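Each remark here refers to the structure printed beneath this line.
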Amino acid sequence: MWIDRNYENEFMETINNFISMLNGPIWGIGMLILILGSGIYFTIRLKGFQFVRFKDMWKRILDKSDSEAGVSSFASFCTTMAMRVGTGNVAGVAVAIYAGGPGALFWMIIAGVFNSAVCFVECTLSTLYKTKIDGQYRSGGAYCAERGLGWKRYGTLFATVFAVGCACFMPAAATYTICDGFHNAMHIPMWVTALVVAIVMSIVILGGIKRISTVASYVVPFMTGIYLLTAIIIVCINITEVPSLLSNVLHSAFGMDAIFGGTIGIAIQQGIKRGTFSSASGMGEAMPTAAAAETSHPVKQGLANAAGVWLDTVIVCSASGLMILMTDCFNTAGGYIGQGCPEMAQLAAAGIEGGVIYVQYACRSVMGNIAPLFIAIMLALFSFTCLISYYYEAETACLYLFQGEGKAKLRKIVTKIMQIGMPILIFIWGNIESGLAWNLSDLTLGSCTWINMVIILSLSPKAFILYKDYVKQMKEGKDPYYNPNEMCWDGVDADMWREINKERIELDNIRNEDING
């Protein structure tokens with residue numbers, strides 16, 4: 001048994017090292033240029049929409065109209081946020097600070113601001129090219145590739161990588177983080193928590209997008225509000241530390257603080273990497289749920305999802321970072337050991353590279369011994385909502401691979417296999433080593449981002465045209481809607497859009513007849 005265990009550890013370490021090697025070039029300088037460069041480019045072409053239309057972004061979230069085919073913009077937003085406000089906002093921030101120093105938080109925020117433009121473009125395009133499959137709206141990067149660009153084989157490639165990634169590998173970090181949180185707080189065996197998560201997951205996903213969005217609509221606002229309130233309390237208690245904290249973050253961000261042992265390159269890389277992981281901008285994760293919304297204009301859903309990136313990366317990630325840094329409950333790869341609690345030295349000696357435990361100790365400094373359990377519960381909610389969102393994204397990609405009128409029965413079989421298989425995988429991921437969990441998730445995220453961004457950049461001019469149309473209607477005092485009779489492209493389901501906006505189109509036709517008559 002001892003030999004078997006050693007062999008198993010060596011085997012897992014070999015796999016982890018191989019995946020880590022693959023992540024090197026995927027998350028290298030090319031990724032930084034691709035995401036940050038695209039975000040800056042989109043921001044310029046859209047004339048700084050995330051600032052100019054800041055109020056409008058948040059307004060679009062509150063639309064609660066739905067239909068048999070789609071969910072409300074609010075439910076879609078919450079389902080998307082279920083994916084965003086999760087593992088990356090807590091454990092991901094801690095990992096970034098460990099690897100890149102406090103300055104990584106600065107670059108996460110910068111990444112969030114520009115990633116919102118990337119998210120706007122991809123969600124606007126996904127909504128434009130959505131179609132109905134088995135009576136429900138479906139779309140995503142693969143659909144945009146085929147319908148918008150005529151790249152069916154490329155769409156098949158993306159759908160395959162995306163489906164396998166979201167169903168099999170992306171859940172790894174989220175599941176491990178839930179189990180690790182309860183293990184740290186209450187010493188509950190990892191396999192027990194993993195089993196509970198798998199069972200609850202099965203119950204939720206069996207209800208389809210309606211049940212998934214309903215669960216997200218209740219859980220996401222509650223968990224986000226409670227978590228932010230906790231962060232505000234910690235900031236207020238440590239308010240005198242704010243000036244020195246900001247100084248440390250800025251100096252570290254530009255590699256000017258040797259005490260943390262980080263360089264500007266590492267800080268930027270970790271900040272953008274974890275910022276992208278947190279927001280999933282460019283990967284295509286937000287596209288399926290954005291398209292599921294019942295909305296009158298693609299730009300409306302693009303704006304709602306752009307606001308989600310601000311909430312996720314700029315606000316919630318900042319909250320986690322402030323809690324960790326203000327209480328000095330963090331270590332860095334460069335050799336810095338926090339003085340906020342004695343456990344930091346123990347973690348450094350054990351070689352633990354960040355994770356949820358940093359946030360748990362940070363909250364303990366204010367909340368006492370109940371903090372680890374509190375954070376474990378918050379993180380369980382955060383990460384579980386990630387898991388149900390991953391399922392819907394994987395399901396949508398699979399349905400693309402089996403689309404067609406004669407394949408309805410096959411789609412049902414594939415869906416059932418996923419509803420059974422994904423909870424089983426989740427149970428397995430709850431029992432693996434954390435480094436492997438994060439590396440698997442990073443590999444999936446990075447691979448999908450490279451493939452998806454080719455689609456988004458190629459179709460982005462259409463998003464710019466739609467945005468101009470939206471702004472024009474807003475200036476005319478209208479509630480913007482998309483009219484395929486006036487503006488359409490090959491691959492757009494014009495009949496579906498005419499059905500969605502039937503009353504608006506008819507009303508405008510009557511008005512035009514009165515004016516011309």
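The values are calculated or read from the model by the stated rules, or taken from the named source; none is laboratory data. Note that the coordinates shown come from a computational prediction; the quantities given were computed from them, not determined experimentally. Here the Cβ positions follow ideal geometry from the backbone for every residue, glycine too, while neighbour counts run over all protein chains shown. Heavy atoms of the whole protein, side chains included, go into the accessibility calculation; ligands, DNA and RNA do not. Shrake-Rupley method; radii C 1.70, N 1.55, O 1.52, S 1.80 Å.
Overview of results
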| read-out | value |
| --- | --- |
| Subset of region 14-52 (residues that are among the basic types (Lys, Arg) and either surrounded by 18 or more Cβ atoms within 10 Å (Cβ to Cβ) or not in a helix (DSSP H, G or I) (or both)) | LYS47 |
| Check on GLY284, on the phi > 0 side of the Ramachandran plot and at pLDDT 85 or above | yes |
| Residue check, PHE402 open to solvent by 20 Å² or more (accessible area, probe 1.4 Å) and either touching a His at 6+ places or on another chain (Cβ under 8 Å) or touching a residue at least 60 places away in the same chain (Cβ under 8 Å) (or both) | no |
| Test: residue in region 158-179 that is touching a strand residue (DSSP E or B) at 6+ places or on another chain (Cβ under 6 Å), of a type outside the set (D, E, K, R) and within 22 Å of THR415 (Cα to Cα) | no |
| Selection from region 304-335 of residues that are more than 14 Å from ALA94 (Cα to Cα) and assigned to a loop (DSSP other than H, G, I, E, B) | GLY334, GLY335 |
| Yes/no for LEU379 being hydrophobic (A, V, I, L, M, F, W, C), assigned to a helix (DSSP H, G or I), touching a Gly at 6+ places or on another chain (Cβ under 7 Å) and open to solvent by less than 10 Å² (accessible area, probe 1.4 Å) | yes |
| Checking ASP469 against (1) in contact with a His (Cβ under 9 Å, 6 or more places away or on another chain); (2) open to solvent by less than 30 Å² (accessible area, probe 1.4 Å); (3) part of a helix (DSSP H, G or I), the condition it does not meet | (2) |
| Residue pairs meeting the criteria (Cβ under 8 Å; at least 6 apart or on separate chains; first more than 25 Å from ASP508 (Cβ to Cβ), in region 455-479; second open to solvent by 30 Å² or more (accessible area, probe 1.4 Å) and not in a loop (DSSP other than H, G, I, E, B)) | ILE455/LEU149; ILE455/TYR154; SER458/LEU149; LEU459/LEU149; SER460/ARG45 |
| Candidate set from region 71-114 (those that are within 28 Å of ASN501 (Cβ to Cβ) and surrounded by fewer than 24 Cβ atoms within 10 Å (Cβ to Cβ)); member that is modelled with the highest pLDDT | PHE74 |
| Residue match in region 10-27 (condition: modelled with pLDDT under 80 and polar (S, T, N, Q)) | yes |
| Subset of region 167-181 [surrounded by 24 or more Cβ atoms within 10 Å (Cβ to Cβ) and hydrophobic (A, V, I, L, M, F, W, C)] | MET170, ALA172, ALA173, ALA174, ILE178, CYS179 |
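Residue-wise test of (1) buried (at least 16 other Cβ atoms within 10 Å of the Cβ); (2) farther than 28 Å from ARG364 by Cα; (3) touching a residue at least 24 places away in the same chain (Cβ under 8 Å); (4) over 22 Å from the mean Cα position of the chain (by Cα).
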| position | (1), (2), (3), (4) |
| --- | --- |
| PRO189 | no, no, no, yes |
| VAL196 | yes, no, no, yes |
| LEU245 | yes, no, yes, yes |
| LEU250 | no, no, yes, yes |
| ILE268 | yes, yes, yes, no |
